[in-house]
Amino acid sequence: MAVDGSTTGVPEADLRAALLRLRRATGLPVAFGGPVEPGRTQVRICELSGTATPALRSLAVTSGNGLGGKAVALARPCAVTDYSSSRQISHEYDVPVATEGLRSVLAVPVVVRRRVRGVLYGALRTAQPLGDRALDVAVEVARDVERALAAEEDARELLAAVPGRAPSSEAGGGGGPARERMRQAHAALLALAPRIADEGLRAELLGTCDLLDVGAPGSGSGLAPREVDVLTWVAAGATNATAAARLGLRPETVKSYLRSAMRKLGARTRGEAVVAARRAGALP
C-alpha cells in the first residue's frame, strides 16, 4: 500500500461531513482528520470537530509515526486506549494530543485503489476502551468516503475518455465499433451520475450524456439508442432486472437509461414514457 502524490487526497468538504457523521454515529466527542498531501508521505490535519483548542490544526503526521501515521503505513484502522502511555505507537505528537486532552484515540485510513488518501480520527478525553462498535462505525464512514472518491475518479476518467465530448453522430455515424464505444461510455456515465455527490461534476456528467445522445433514427425524440432499447422492453412489460438481462446491462444502468428517457420525454412514470415514446415515433 502506498501514499502517492499523483493522486489527490480527500476534499475538505467530504472530510467535514464524514467527521460530523462519525461523531453522531459513535458518540465520540472529538473527531478530526486530513488528506494525504500531494507529493508527501504525510497527512495534514485540516478539519477539527468537537475540539477545544487549535493544537491539532495543520499538524503534519508522517507515515509510520504516531497513531495516524501507523494507520497510513499499515493501511488499516488502529486504536489506543491511552495515547500518551501506549507502547504500540511512537510519540512524536504527544504534546498536541495532550494539549487537546485526548486519551483514547482511533485512526482509520481512507484507501482508494490501494492508495491511502487521508485519515479519520475519533477520540475520547478519558482512557477507556473504545469498543468494537465505535471502530466498526468509523470504518464504515471511511468506506463511504472511499466509495464516493472512487466514483468521482471513475467519472472523471470516463469524461476524459470521451473523444472531444462530441455527439456520437460525429464519431462514426449510426453504427460500428465507434458508435458502440459511445454507447458504452454513455451507459457508464449514466450509471455513475446518481452516485456523485459533487453537484458540478454530476451536472458535467449529465451534460456529456446529452452530447452523446444521437436519437433513434427517424424518431425525432432525442432518445439515445440504448434508451429506446430499454423502453422497448418496458413496453413489453419487462422489469428492470429482466431488461438488464436481455440487454446485457446492469440493473442500475437500465434504471439510469430509463430516468434519462423519462426526463427527455417529460414523463413521470414508466408508462407515460412508453406512451410518449410511441407518440414520438421511437417505439412501434
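Applying the criterion of being closer than 17 Å to GLY33 by Cα and of a type in the set (Lys, Arg) to the residues of region 93-124, the residue that is nearest to the chain's Cα centre (by Cα) is ARG117. Taken over region 21-79, the criterion of being touching a Pro at 6+ places or on another chain (Cβ under 7 Å) and more than 21 Å from GLU146 (Cα to Cα) is satisfied by GLY50, ALA55, LEU56, LEU59.
The residues of region 120-155 that are free of Cβ contacts under 8 Å to residues at least 24 places away in the same chain and part of a loop (DSSP other than H, G, I, E, B) amount to a single one, THR126.
Within region 48-70, which residues are part of a loop (DSSP other than H, G, I, E, B) and either on the phi < 0 side of the Ramachandran plot or crowded, with 18+ Cβ neighbours inside 10 Å (or both)?
Quick first cut of region 48-70, residues part of a loop (DSSP other than H, G, I, E, B) only: 50-59, 63-65.
Of everything in region 48-70, those that are part of a loop (DSSP other than H, G, I, E, B) and either on the phi < 0 side of the Ramachandran plot or crowded, with 18+ Cβ neighbours inside 10 Å (or both) turn out to be THR51, ALA52, THR53, PRO54, ALA55, LEU56, ARG57, LEU59, SER63, ASN65.
All told, GLY215 meets the bar of being farther than 30 Å from VAL145 by Cα, modelled with pLDDT under 70, out of contact with any Cys (no Cβ under 7 Å at 6 or more places or on another chain) and not basic (Lys, Arg). For THR26, indicate whether it is over 26 Å from LEU201 (Cβ atoms), touching a residue at least 40 places away in the same chain (Cβ under 8 Å) and assigned by TED's automatic domain parsing to the domain that holds VAL139. So THR26 fits the description; yes. For region 71-82, residues that are buried (at least 22 other Cβ atoms within 10 Å of the Cβ) and part of a helix (DSSP H, G or I) total 2.
Just the residues that are in a strand (DSSP E or B) and in contact (Cβ under 8 Å) with a residue 40 or more places away in the chain, please, taken from region 29-47. VAL30, ALA31, PHE32, GLY33, GLY34, PRO35, VAL36, VAL43, listed by residue number.
Quick one: would you say ALA160 is surrounded by 21 or more Cβ atoms within 10 Å (Cβ to Cβ), part of a helix (DSSP H, G or I) and modelled with pLDDT under 95? Walk me through it before giving the result.
Numbers: surrounded by 21 or more Cβ atoms within 10 Å (Cβ to Cβ): no; part of a helix (DSSP H, G or I): yes; modelled with pLDDT under 95: yes.
Taking the combined requirement at face value, the residue does not satisfy it.
Quick check on my filter: what residues within region 243-271 are in a loop (DSSP other than H, G, I, E, B) and modelled with pLDDT of 90 or more?
Initial filter on region 243-271 (in a loop (DSSP other than H, G, I, E, B)): 248-250, 266-269.
Residues satisfying the conditions are GLY266, ALA267, ARG268, THR269.
In the same structural domain as VAL72 (by TED's automatic domain parsing), in contact with a Ser or Thr (Cβ under 7 Å, 6 or more places away or on another chain), touching a residue at least 12 places away in the same chain (Cβ under 8 Å) and of a type in the set (Ser, Thr, Tyr): does that describe SER104? Walk me through how you get there before you give the answer.
Numbers: in the same structural domain as VAL72 (by TED's automatic domain parsing): yes; in contact with a Ser or Thr (Cβ under 7 Å, 6 or more places away or on another chain): yes; touching a residue at least 12 places away in the same chain (Cβ under 8 Å): yes; of a type in the set (Ser, Thr, Tyr): yes.
Yes: the conditions hold for SER104.
The values are calculated or read from the model by the stated rules, or taken from the named source; none is laboratory data. Note that this is a predicted model, so its numbers are computed, not measured. We place every Cβ from the backbone using ideal geometry, glycine too, and count neighbours over all the protein chains shown.
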